[in-house]
Each structure stands twice: as C-alpha cells, then as structure tokens.
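Engineer: Please find one structure pasted underneath; my questions will follow.
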Amino acid sequence: MNLSFKDSGIDWEALQEAAAKAMQHAYVPYSKYPVGAAALTDDGRIVSGCNVENASYGLTLCAECSLVSQLRMTGGGKLVAFSCVDGQGNILMPCGRCRQLLHEFRAPGMQLMTVSGIRTMDEVLPDAFGPENLGEPTRTGSGQ
C-alpha cells in the first residue's frame with residue numbers, strides 16, 4: 001500500500017512543519033545533525049520530539065524517543081501518522097530501533113512519511129515483534 005501524499009487524509013505538511021519546529025530544539029553539539037519528529041495521535045493532537053546528544057554517545061536520545069515521551073506525558077494514545085526531518089527539512093527514515101519504538105505506540109494502519117513515499121508501519125517493519133507476542137504476564141516469586 002503506497003499511499004500518495006494527498007490521498008491519505010493526513011495533513012502531512014503540518015506534520016513536516018511540526019517536525020521542523022521540533023528539530024530547532026535539538027541538542028547536537030557532537031554530530032551537528034539535528035533531527036525533528038512529529039506525529040498525529042488518534043485523538044487529533046500533534047506530538048513532537050528532537051534528538052538530544054550526550055558526551056557518552058550511547059546515551060543520546062533520538063527524536064522518536066522524545067516524541068514518545070511527549071505522547072505519554074500529554075495523555076497517551078496511539079500514533080496515526082509520523083514524519084521525521086533533518087536540519088535541512090529533508091525527510092528521514094527512522095532507524096530500526098526507532099521503528100520498533102514507534103511500532104509499540106502505533107494505531108492500526110499507522111502511516112509514515114518515508115524517503116520513498118507514504119508507507120504503513122507494517123511495510124517499514126514487517127513481521128514486527130510487539131506486545132501482542134508476549135501473551136499474559138506470569139507472576140513469579142509471589143506463590144500465585
């Protein structure tokens with residue numbers, strides 16, 4: 001399913017603008033590579049995030065991480081549509097780790113703007129592992 005820019009019913013321009021605005025808040029003293037992300041939620045909000053680097057590179061937060069944090073801090077919900085941009089406003093594809101993070105908080109049929117057009121989450125992360133694969137949690141150590 002390759003939806004066109006206009007056929008999806010999503011205001012992709014508003015998402016790109018929100019991602020670009022978020023990107024302006026990025027903290028990137030090491031890479032000099034700012035990234036902004038924005039997503040539409042199932043209740044109509046737009047949440048956004050930017051990358052935040054750390055001198056210990058492994059502790060760097062991706063824009064998608066701060067976006068999901070904002071989602072949870074502002075009422076939760078599910079992500080319906082997502083866009084991510086670099087410092088020049090070019091569309092970026094989330095890395096595999098970030099695709100997995102977005103998958104956890106997706107609404108059914110979530111769409112992403114990618115370098116090759118609008119794609120669904122299932123297309124960009126086929127056969128994903130998610131909460132549905134975990135089944136019922138079991139209690140240990142409580143005798144129950």
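Engineer: From the set of residues in segment 47-73 that are more than 15 Å from the chain's Cα centre (by Cα) and among the polar types (S, T, N, Q), which is nearest to Thr114 (Cα to Cα)?
Structural biologist: Looking at the filtered set, the residue picked out is Thr60.
Engineer: Now for a different question. Considering only residues of segment 56-93 that are of a type outside the set (Val, Ile, Thr) and part of a strand (DSSP E or B), which is farthest from Ile10 (Cα to Cα)?
Structural biologist: Of everything passing the filter in segment 56-93, Leu61 is farthest from Ile10 (Cα to Cα).
Engineer: How many residues does segment 102-119 hold that are crowded, with 17+ Cβ neighbours inside 10 Å and not in a loop (DSSP other than H, G, I, E, B)?
Structural biologist: 10
Engineer: Picking from Ala38, Ala18, which residue would you name as being in a helix (DSSP H, G or I), crowded, with 20+ Cβ neighbours inside 10 Å and out of contact with any Pro (no Cβ under 9 Å at 6 or more places or on another chain)?
Structural biologist: So the residue among Ala38, Ala18 that is in a helix (DSSP H, G or I), crowded, with 20+ Cβ neighbours inside 10 Å and out of contact with any Pro (no Cβ under 9 Å at 6 or more places or on another chain) is Ala18.
Engineer: So is Pro137 modelled with pLDDT under 95 and in contact with a helix residue (DSSP H, G or I) (Cβ under 8 Å, 6 or more places away or on another chain) or not?
Structural biologist: no
Engineer: Looking only at segment 41-55, which residues are under 23 Å from Thr120 (Cα atoms) and either part of a strand (DSSP E or B) or aliphatic (A, V, I, L, M) (or both)?
Structural biologist: Thr41, Ile46, Val47, Ser48, Gly49, Cys50
Engineer: Under the condition of being modelled with pLDDT under 95 and of a type in the set (Ser, Thr, Tyr), which residue from segment 1-46 is nearest to the chain's Cα centre (by Cα)?
Structural biologist: Step by step, filter segment 1-46, then rank; the result is Ser8.
Engineer: Confirm whether Cys84 is within 18 Å of Ala20 (Cα to Cα), at pLDDT 95 or above, in contact with a Pro (Cβ under 8 Å, 6 or more places away or on another chain) and of a type outside the set (Phe, Trp, Tyr).
Structural biologist: So Cys84 fits the description; yes.
Engineer: Kindly indicate the residue of segment 87-106 that is at pLDDT 95 or above and out of contact with any helix residue (DSSP H, G or I) (no Cβ under 9 Å at 6 or more places or on another chain) and also farthest from Leu40 (Cα to Cα) among those meeting that condition.
Structural biologist: Here the residue is Gln88.
The values are calculated or read from the model by the stated rules, or taken from the named source; none is laboratory data. All of these numbers come straight from a predicted model, not from anything done at the bench. Note that we place each Cβ from the backbone using ideal geometry, even for glycine, and neighbour counts take in every protein chain shown.
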